[in-house]
Amino acid sequence: MTVVRPTGFAGLQFDNTYARLPPAFFSRVNPTPVVNPALIKVNHALATELGLDAVQLESEQGIQIFAGNAIPDGAEPIAQAYSGHQFGYLNPRLGDGRAILLGEVVDRSGNRRDIQLKGPGRTPYSRSGDGRAALGPVMREYLVSEAMHHLGIKTTRVLAAVTTGEPVYRETALPGAVLTRVAASHIRIGTFEYFYVRKDYDGLKQLADYVIQRHYPAISSAENPYLALLEVVMHAQASLVASWLQVGFIHGVMNTDNMTVSGETIDYGPCAFMDIYDPSTVFSSIDREGRYAYGNQGAITLWNLTRFAECLLPLIDSDIDRAVEKAQTALGDFSELFNDFWLAGMRKKIGILGASPGDEALVAEFLQIMRDGRADFTLAFRYLADCVAPVSSTSRFHQLFTSCESLLESWLTKWRERLAKENVGAEEITARMLKVNPLYIPRNQNVEEVLRAAVEDGDYTLFEEFLSVLQHPYTEQQGKEKYSRRPVQSGIPYKTFCGT
Ligand code: AMP
Ligand code: MG
């Protein structure tokens, strides 16, 4: 007999598996109400995906829920416990200091999704923090996570954003906001570290079993499910981070508490998209040593996975030496796996579907010319699609490069020779390239302009406009040129010696 559950507000039907885990996993805590919440936006497409009524979510009752002033039927608010390595150093007690999980729902495709408030007030993990979020970062997360989703990159999403009517104090007083985040789960490498550093191996096993059941049920019958867990998480993160590199995304804070075991991008803090191609690009002001630079993200993924593997050792084998050996063998596959994901995507970016031994060198050479010629990463791939047939050196593609004309010409010739092996017409190659190389990404200059209008003037027109542009990143949109323009600085001639 099927159990009929009463339909909650706006169709919300919670089924909270994490809150049924033992008390060590979380603290029960309610959001702290705010004085005067107002709606910024409900994400209609996501609401529909979740089987929720977006119009009801926009009602006064919806706003009260998104602000943390009302708790919907069936929600069981908790703050999740986790640890994490921050910039290489272990912090044994982090946890949701400014986030509260309302609960889980099953979406229309049958996938379980967390619904979490970010910025709803203090929790037992807040330490000296206020548990709040400022409007600017909330809007940045909304814009960038939607952009990532529409670029086909796995990510947490934003269901809604509201202002609180209360100030938050950073360096100055800023308008406060609460974001509602939807994720496959919020379980991080740091969640495993939390139990590992406490030597709570029962908790660790419960967590691993939970993750297997929730995210990777197929491996539950593997010969060694915990070793298999390391392998599938490695797979998910290698694929994710390779996809970041393909769009020029820099996460900014790849601490182990910011890496999900589901393989979704999470925590859009000081993240940004690179303009001029340079692997040493760092945007985060706190990352002084470039630990999380664009080109270091693959290596850091392996570093983080090594921390994950350490946590799993007690589960992988009761003999520690054997456990280490098995984990090391698994991690030994990372570099090739990561490179395969990366190369597969890069081939597509230059219009290649097949595979030829020289492809990796071809891609590497293009990147080197881009770097030496100070070219914009996004537009260099986008406008390369113009060049399947030879074009003049005054083309918009050539204009992206401040130098390296002869190297560029000889590379283009080599590339066209390679394209000839694809055995399809130029038009088809151009069309394929335009489907994988975005014209619109959330460029820093545009994001900043949108945030300024919202924070300083309470004006969300630009936010709406930019969001709608980013929902179709591959389609040229009339009148939206300002969102595809490279920043002014990159137009400054910059001469450099061109290596090969
Ligand atoms: P993040 O840098 O956002 O990944 O956060 C790192 C840790 O600091 C997490 O445990 C957060 O919950 C916590 N945290 C960040 N900002 C605040 C805040 N304003 N209040 C309380 N905790 C915070
Ligand atoms: Mg975090």
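Scanning the stretch 244-266 for residues being at positive phi and touching a residue at least 60 places away in the same chain (Cβ under 8 Å) gives a total of 2. Determine whether the stretch 197-205 contains at least one residue that is at pLDDT 95 or above, surrounded by 19 or more Cβ atoms within 10 Å (Cβ to Cβ) and away from ligand 1 (no atom under 16 Å from the Cβ). The answer is yes; a qualifying residue exists. Selection over the stretch 125-158 of residues that are open to solvent by 20 Å² or more (accessible area, probe 1.4 Å) and within 12 Å of ligand 1 (Cβ to nearest atom) gives a count of 6. Tell me which residues, restricted to the stretch 96-122, are open to solvent by less than 10 Å² (accessible area, probe 1.4 Å) and either farther than 15 Å from residue 75 by Cβ or assigned to a loop (DSSP other than H, G, I, E, B) (or both). Across the stretch 96-122, the qualifying residues are 96, 119, 121. With the structure loaded, tell me whether residue 93 is open to solvent by 10 Å² or more (accessible area, probe 1.4 Å), closer than 30 Å to residue 438 by Cβ and basic (Lys, Arg) or whether it fails that test. In short, no. Check whether at least one residue in the stretch 426-441 is over 32 Å from the mean Cα position of the chain (by Cα) and either closer than 24 Å to residue 357 by Cβ or surrounded by fewer than 16 Cβ atoms within 10 Å (Cβ to Cβ) (or both), and report yes or no. Yes, the stretch 426-441 contains a residue that is over 32 Å from the mean Cα position of the chain (by Cα) and either closer than 24 Å to residue 357 by Cβ or surrounded by fewer than 16 Cβ atoms within 10 Å (Cβ to Cβ) (or both). Here residue 222 does not qualify as without any contact (Cβ under 8 Å) to a residue 24 or more places away in the chain, of a type in the set (A, V, I, L, M, F, W, C), within 25 Å of residue 81 (Cα to Cα) and surrounded by fewer than 23 Cβ atoms within 10 Å (Cβ to Cβ).
Could you check, for the stretch 311-331, whether at least one of its residues is within 16 Å of ligand 1 (Cβ to nearest atom) and open to solvent by less than 20 Å² (accessible area, probe 1.4 Å)? Looking for residues that are within 16 Å of ligand 1 (Cβ to nearest atom) and open to solvent by less than 20 Å² (accessible area, probe 1.4 Å), one finds none in the stretch 311-331, hence no. The number of residues in the stretch 469-483 being open to solvent by 50 Å² or more (accessible area, probe 1.4 Å) and not in a loop (DSSP other than H, G, I, E, B) comes to 2. Being away from ligand 1 (no atom under 16 Å from the Cβ) and part of a loop (DSSP other than H, G, I, E, B) is the requirement here; does residue 263 meet it? Yes: the conditions hold for residue 263.
Look at residue 374 and say whether it is surrounded by 19 or more Cβ atoms within 10 Å (Cβ to Cβ), on the phi > 0 side of the Ramachandran plot and outside the structural domain of residue 474 (by TED's automatic domain parsing). So residue 374 fits the description; yes. Across the stretch 284-305, the number of residues qualifying as open to solvent by less than 40 Å² (accessible area, probe 1.4 Å) and touching a helix residue (DSSP H, G or I) at 6+ places or on another chain (Cβ under 7 Å) comes to 7.
The residues in the stretch 241-251 that are within 16 Å of ligand 2 (Cβ to nearest atom) and either assigned to a helix (DSSP H, G or I) or in contact with an Asp or Glu (Cβ under 7 Å, 6 or more places away or on another chain) (or both) can be counted, and the count is 0.
Here is a yes/no grid of residues against (1) over 21 Å from residue 195 (Cα atoms); (2) touching a strand residue (DSSP E or B) at 6+ places or on another chain (Cβ under 9 Å); (3) in the same structural domain as residue 270 (by TED's automatic domain parsing):
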position: 300; (1), (2), (3): yes, no, yes
position: 311; (1), (2), (3): no, no, yes
position: 322; (1), (2), (3): yes, no, yes
position: 365; (1), (2), (3): yes, no, no
position: 368; (1), (2), (3): yes, no, no
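Does the stretch 287-302 contain any residue that is assigned to a loop (DSSP other than H, G, I, E, B) and acidic (Asp, Glu)? Yes: one or more hits. If you filter the stretch 388-406 down to residues that are surrounded by 19 or more Cβ atoms within 10 Å (Cβ to Cβ) and of a type outside the set (Phe, Trp, Tyr), you find that the one that is nearest to residue 470 (Cα to Cα) is 400. Can you name every residue in the stretch 153-168 that is assigned to a strand (DSSP E or B), of a type in the set (A, V, I, L, M, F, W, C) and touching a residue at least 60 places away in the same chain (Cβ under 8 Å)? 158, 159, 160, 161, 162 - these are the residues of the stretch 153-168 that are assigned to a strand (DSSP E or B), of a type in the set (A, V, I, L, M, F, W, C) and touching a residue at least 60 places away in the same chain (Cβ under 8 Å). Looking across the stretch 70-82, the residues that are touching a residue at least 60 places away in the same chain (Cβ under 8 Å) and either within 9 Å of ligand 1 (Cβ to nearest atom) or among the charged types (D, E, K, R) (or both) come down to 73, 76, 82.
Out of all the residues in the stretch 120-136, is one or more within 15 Å of ligand 2 (Cβ to nearest atom), of a type in the set (A, V, I, L, M) and at pLDDT 95 or above? Yes: one or more hits. Only residues that are open to solvent by 10 Å² or more (accessible area, probe 1.4 Å) and in a helix (DSSP H, G or I) were counted across the stretch 454-468, and they come to 8.
Within the stretch 22-42, does at least one residue satisfy the condition of being touching a Leu at 6+ places or on another chain (Cβ under 7 Å), closer than 29 Å to residue 470 by Cβ and open to solvent by 60 Å² or more (accessible area, probe 1.4 Å)? Looking for residues that are touching a Leu at 6+ places or on another chain (Cβ under 7 Å), closer than 29 Å to residue 470 by Cβ and open to solvent by 60 Å² or more (accessible area, probe 1.4 Å), one finds none in the stretch 22-42, hence no. Flag: residue 233 matches the condition of being part of a helix (DSSP H, G or I), under 21 Å from residue 114 (Cα atoms) and away from ligand 1 (no atom under 15 Å from the Cβ).
The values are calculated or read from the model by the stated rules, or taken from the named source; none is laboratory data. Please read these numbers as outputs of a predicted model, since none were measured by experiment. Quick reminder, even Gly has a Cβ in these numbers, built from the backbone with ideal geometry, and neighbours come from all protein chains shown. These accessible areas exclude ligands, DNA and RNA; they are computed on the full protein's heavy atoms, side chains included. Shrake-Rupley method; radii C 1.70, N 1.55, O 1.52, S 1.80 Å.
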